[in-house]
């Protein structure tokens, strides 16, 4: 079988092919390594390829299959992990000069579980510094569909590798859409599970209340297969949920009869490029043909809650990095340094208001899901991210995604069309907390009713000529306030005027967004602690499990 055909086999197809002795893990890993050697100088999807270890593991897997063994769920399936997930005895640098030499003694829980399920580590994928900065040492990751474009957001390396046939499966992390946005731009499947479904232990953190770990694959079935391996309680992650992990593959039917699928009449219909609008209209027709009932829903805060997420992410990132930023701040790249340091300049009132807005949005989402089984939206309103735009003023790749990091709902993106230039358009499916099964059911049924997931890009072995820095558009001057300078001095963070200008823009933008949305102070919007009562014990001895911790109260009243 040609290398390209081997490289584009899905994980579920590989399992069947191994069982039938049609291909071997050695052939598959060999094909991927040859493609990486030929093409990854252009696409820079990997920062490290574990070629020798991968081939040794493939030979062992081939031997086990020959002996009639090797029935683990991911046995012999190549996987590449984002470089902010610890891999045991394999360098994990989070693409930062502060940690390039870090070699973890143990793997992240999600990584270890994938390894235990039989997967073969192919390498570590390219990411932005600490999932919020630039790609410093290795360069950015071009889109396999057009190498003059960027693959988008911090899991770009994983998305580009899967889409380009440079790995079979991959992992990513998602704080505001960093799995789903690059998956959408590259035309693959990307999944953010319910918050707490997959352990965050061993993930280099950015925002503890919004970070999620999830799979990036070519098909919905592959995403279900990986999530089932990754998910489950973990005592080392205090936010890990003690909730049973279903057999997700059992949910993959082609029948959506009886399902009520919501469509937003608000933010998710605004500002769409014509190709995205047309593709999403076609999505709704496919879902109706599969038996789903399309239900209009109102989500009035969906388009305005992003500033709350931005501010909370910066605040949490600074809390995590403050000591290192003060001692090794000049080792950080400029974009990560500014993003993280911005968290030092938000006031307590800013953070409290952001939490109120987050709570209001959670109530809106809970009310919507009381009447629907799933929600569908475009993942992005556009199909391309230009390199120049990413450097100067990045487009909002979290347009359709950050909302669900704030609430913790599971969300998956799948390809659903193309624009006039053949660039992918993507659909997002969101479900109730811990109801990934319904999410998979909708996404899989749509995928199998169409052929968008089967498209392959044609890779090039020669890089396009980059845009010279002198031709890059320049940003106008930013006025740095005395208050910002004084606070920077008080915080003892090594920042120059370029850093301070970045921070001024970030802080001013977040505050302006928050001020425009200031809600009335109500007890319902207080970001208070919520305690889960002891589990009720049914007559058969089983324990009931609460799975909707963010449900809105029946009524909200102002404090007297």
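The values are calculated or read from the model by the stated rules, or taken from the named source; none is laboratory data. Just so it is clear, the model here is predicted, and its values are computed rather than measured. For neighbour counting, all protein chains shown are included, and Cβ atoms are generated from backbone atoms with ideal geometry for every residue, glycine included.
Restricting attention to segment 440-488, the residues that are within 18 Å of residue 141 (Cβ to Cβ) and at pLDDT below 80 add up to 5.
Of 116, 183, 105, all but one fail to be surrounded by fewer than 24 Cβ atoms within 10 Å (Cβ to Cβ) and either farther than 29 Å from residue 322 by Cβ or in contact (Cβ under 8 Å) with a residue 24 or more places away in the chain (or both); the exception is 116.
Selection of segment 95-108 for residues being touching a strand residue (DSSP E or B) at 6+ places or on another chain (Cβ under 9 Å) and under 19 Å from residue 337 (Cβ atoms) yields only 95.
Candidates 83, 140: the one that is crowded, with 17+ Cβ neighbours inside 10 Å, touching a residue at least 60 places away in the same chain (Cβ under 8 Å) and within 18 Å of residue 201 (Cβ to Cβ) is 83. Inspection of segment 12-28 finds no residue satisfying the criterion of being farther than 22 Å from residue 64 by Cα and crowded, with 17+ Cβ neighbours inside 10 Å. Condition check: within 19 Å of residue 14 (Cα to Cα), at pLDDT 95 or above and either surrounded by fewer than 17 Cβ atoms within 10 Å (Cβ to Cβ) or within 22 Å of the chain's Cα centre (by Cα) (or both). Does residue 229 satisfy that? Considered against the rule, which asks whether it is within 19 Å of residue 14 (Cα to Cα), at pLDDT 95 or above and either surrounded by fewer than 17 Cβ atoms within 10 Å (Cβ to Cβ) or within 22 Å of the chain's Cα centre (by Cα) (or both), residue 229 comes out as yes.
For segment 310-353, give me each residue that is closer than 23 Å to residue 514 by Cα and not in a helix (DSSP H, G or I). Scanning segment 310-353 gives 346, 347.
Counted as qualifying within segment 354-460 are the helices (runs of 4 or more DSSP H) with 3 or more residues that are under 27 Å from residue 198 (Cβ atoms) and touching a residue at least 60 places away in the same chain (Cβ under 8 Å), namely 402-407, 436-449. The condition (being modelled with pLDDT of 95 or more and either within 27 Å of residue 182 (Cα to Cα) or over 24 Å from the mean Cα position of the chain (by Cα) (or both)) is satisfied by just one residue among 400, 348, 309, 333: 400. Selection of segment 238-263 for residues being assigned to a loop (DSSP other than H, G, I, E, B) and under 21 Å from the mean Cα position of the chain (by Cα) yields 238, 239, 240, 241, 245. Please determine, by comparing only the residues of segment 280-294 that are in a loop (DSSP other than H, G, I, E, B) and over 16 Å from residue 264 (Cβ atoms), which one is nearest to the chain's Cα centre (by Cα). If we take residues in segment 280-294 being in a loop (DSSP other than H, G, I, E, B) and over 16 Å from residue 264 (Cβ atoms), then 290 is nearest to the chain's Cα centre (by Cα).
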